[in-house]
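Data first, discussion second: the structure below is written as structure tokens.
Read-outs: derived from the displayed coordinates by stated rules, not from any lab. Note that the coordinates shown come from a computational prediction; the quantities given were computed from them, not determined experimentally. Glycine gets a Cβ as well: all are built from the backbone with ideal geometry, and neighbour counts include every protein chain shown.
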Amino acid sequence: MRIFITRKIPQIGIDRLKQAGHEVIVSDVDRPLTRDELKQKVAGVDAILSQLVDKMNGEIMDAAGKQLKIIANYAVGFDNINLKNAHDRNIAITNTPDILTEAVADHAFALMLAAGRRIVESDRFSRAGKYTGWQPFLLLGQDLLGKTLGVVGLGRIGSALAYRAAQGFKMKILYYDPIIKSSPFDTEVGAKPVSLEELLKNSDFVSIHVPLLPETKHLISTPQFEMMKKTAVLVNTSRGPVVDEQALLKALQNRDIFAAGIDVWEFEPKLTPGLAEIENIVITPHIASATVETRDNMSKLAAENIIAALKGNAPPNLIKQ
Ligand code: DGY
């Protein structure tokens with residue numbers, strides 16, 4: 001059967017698909033495809049391996065044709081795919097959960113440290129030749145040890161971050177999750193489920209781990225920044241639009257919070273004007289899962305999902321619609 005991959009991914013998954021006897025076509029341009037290019041490339045394929053930047057809706061599904069059986073997203077998030085359109089056309093949708101949990105949790109922790117301890121700002125300061133010698137008040141940051149971490153969304157990644165914080169840095173854990181009201185964490189690491197308001201008011205570090213849904217868009221905006229401590233650090237590795245970036249800019253400029261670390265941006269790949277000019281934010285370009293091992297594993301898992309679906313089996317990471 002024919003499979004179209006919308007952008008080059010690690011070879012391991014491509015090899016698996018070929019070994020399973022499929023014809024694999026990989027986009028030959030190193031950028032996201034335009035709508036027209038995508039519609040043209042998917043015509044007649046049985047499976048699409050998509051990236052989180054490809055908007056997969058009925059238009060693309062229809063351009064592929066009735067033989068399309070699966071869209072395997074090369075990401076754990078799947079807000080780029082219209083599940084209803086897929087369901088109506090009997091197309092399976094899969095993602096790549098679990099295998100990227102630890103890499104993303106590591107990155108969230110790295111952002112907590114980098115923003116809290118002003119690492120990137122210090123690097124810029126040093127490179128600019130501004131260091132004139134040791135000073136008592138130079139680039140003071142925030143401690144992590146024993147502080148309170150508020151985890152917004154206690155799924156796989158939020159839990160993995162909470163473990164790191166509780167076990168490595170003896171942090172107290174508060175969590176807010178609209179669905180999970182208690183967890184093994186409550187006894188294991190003394191985590192406490194609270195309302196979002198309580199979490200924001202009491203946390204020294206706040207890390208966001210919710211999917212992008214209509215209900216989570218701008219979950220963190222001006223009223224939420226106003227609830228946070230002036231010393232708080234906000235980290236976002238989920239999806240950019242969960243945080244109102246204009247409100248974030250204002251909160252950082254007014255020092256309503258101490259700092260932020262963001263891996264995901266509201267209008268990727270465009271950054272809200274002004275954010276790049278302020279010192280108290282660390283910005284990475286959606287690379288939380290970007291380790292060699294994790295990207296290989298994502299490639300393998302996306303391929304396994306396609307192989308299963310094309311055999312007529314339930315793919316291991318089928319998203320219930
Ligand atoms: C995902 O898998 O959804 C991540 O955002 C990719 O890094």
*Full-extension gain in nm, Arg255 to Gln321, via 0.36 nm per residue minus C-alpha separation*: 19.5 nm
*Count the DSSP beta bridges whose two residues both fall in the chain, then state the antiparallel fraction as a percent rounded to the nearest 5.*
5
_Taking all pairs of distinct alpha-carbon atoms in segment 114-213, Kirkwood radius in angstrom_ = 15.0
_Loop sites in segment 88-186: chymotrypsin sites (Phe, Trp or Tyr not before Pro), DSSP, at most 14 other Cβ within 10 Å_ = Tyr131, Trp134, Phe137
*Cα gyration tensor, segment 42-98 - rounded (a/c under 1.5), prolate or oblate*: prolate
*Area projected by the alpha carbon convex hull of the chain, averaged over all directions, nm²*: 17.8
*Shape of segment 156-308, Cα gyration tensor, a/c cut at 1.5*: oblate
_Restricting to lysines 8 or more places apart or on different chains, can you count the pairs in segment 230-321 with Cα atoms under 23 Å from each other?_
5
_Of Val210, Val76, Val120, the one that fluctuates the most in a GNM where the chain has Cα springs shorter than 10 Å_ = Val120
*Given R₀ = 45 Å, FRET efficiency for Ala128-Lys230 by Cβ-Cβ distance, to 0.05?*
0.95
*Give the relative contact order (percent, whole number) for segment 1-122; include only Cα pairs under 8 Å separated by 6+ residues.*
20
*How high is the relative contact order of the chain, given as a whole-number percent (alpha carbon pairs under 8 Å, six or more residues apart)?*
19
_Using Cα-Cα distances under 8 Å and only pairs 6 or more residues apart, what relative contact order does segment 101-283 have, in percent?_
21
*Taking each pair of different alpha-carbon atoms in segment 1-141 once, compute 1/r for the pair, average those values, and report the inverse of that mean as the Kirkwood hydrodynamic radius in Å to one decimal.*
18.0
*asked:* Could you give each residue of segment 241-255 its phi-based ³J(HN,Hα) in whole Hz, using Karplus coefficients 6.51, -1.76, 1.60 with θ = phi - 60°, and x for Gly or Pro?
replied: x, 5, 10, 6, 5, 5, 5, 4, 4, 5, 5, 6, 5, 7, 6
*Assuming R0 = 56 Å, what is the FRET efficiency of Lys84 and Gln135, from their Cβ-Cβ distance, to the nearest 0.05?*
0.45
_For a quick check, take a GNM of the chain with Cα springs below 10 Å and name the residue from Leu138, Leu234, Leu113 with the largest mean-square fluctuation._
Leu138
*Mind giving me the FRET efficiency for Tyr163 and Ile12? R0 is 22 Å, r the Cβ-Cβ distance, nearest 0.05 is fine.*
0.20
*asked:* Give me the dipole magnitude in Debye, nearest 20, for segment 1-97 about the Cα centre, with unit charges on the beta carbon: positive for Lys and Arg, negative for Asp and Glu.
replied: 120
*asked:* Using the crude model of +1 on Lys and Arg Cβ and -1 on Asp and Glu Cβ, and no other charge, please compute the dipole size for the chain relative to its Cα centre, in debye to 20.
replied: 160
